[in-house]
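Inspection log for the structure reproduced underneath, given as structure tokens.
The values are calculated or read from the model by the stated rules, or taken from the named source; none is laboratory data. All figures in this text were calculated on a predicted structure; none of them were measured in a lab. Counting neighbours? That spans all protein chains shown, and the Cβs are built from the backbone with ideal geometry, glycine included.
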Amino acid sequence: MAETEAALRTLAHNVRTARVRAGLSLDELGRRAKVSKGALVGLEKAQGNPNFATLVRLADTLGVSVSALMEGPT
């Protein structure tokens, strides 16, 4: 379970960082990626369990790869 929590924290950090870098609000990212604001808030708080299609839409909207969203510190 600790690995899952660590992966969700990494994902949360990377999504927020990419969103801020892109200059997008939660509302705007949600609109563009067709993801609810509530789901994005939960994702950025490392809560929930986003499906792969959601990750693909977010990555595409943010201009990064899905693997970049999942990549932890090296």
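Counting just the residues of the stretch 32-53 that are surrounded by 14 or more Cβ atoms within 10 Å (Cβ to Cβ) and out of contact with any Gly (no Cβ under 8 Å at 6 or more places or on another chain), which one comes out farthest from Leu11 (Cα to Cα)?
Arg32
Can you find a residue that is part of a loop (DSSP other than H, G, I, E, B) and touching a helix residue (DSSP H, G or I) at 6+ places or on another chain (Cβ under 7 Å) anywhere in the stretch 48-61?
Scanning the stretch 48-61, I find at least one residue that is part of a loop (DSSP other than H, G, I, E, B) and touching a helix residue (DSSP H, G or I) at 6+ places or on another chain (Cβ under 7 Å), so the answer is yes.
Give the stretch 56-74 a look and list any residue that's of a type in the set (A, V, I, L, M, F, W, C) and surrounded by 18 or more Cβ atoms within 10 Å (Cβ to Cβ), or say none.
Leu58, Ala59, Leu62, Val64, Leu69
Can we say Gly30 is on the phi < 0 side of the Ramachandran plot and modelled with pLDDT of 95 or more?
When the stated conditions are applied, Gly30 passes them.
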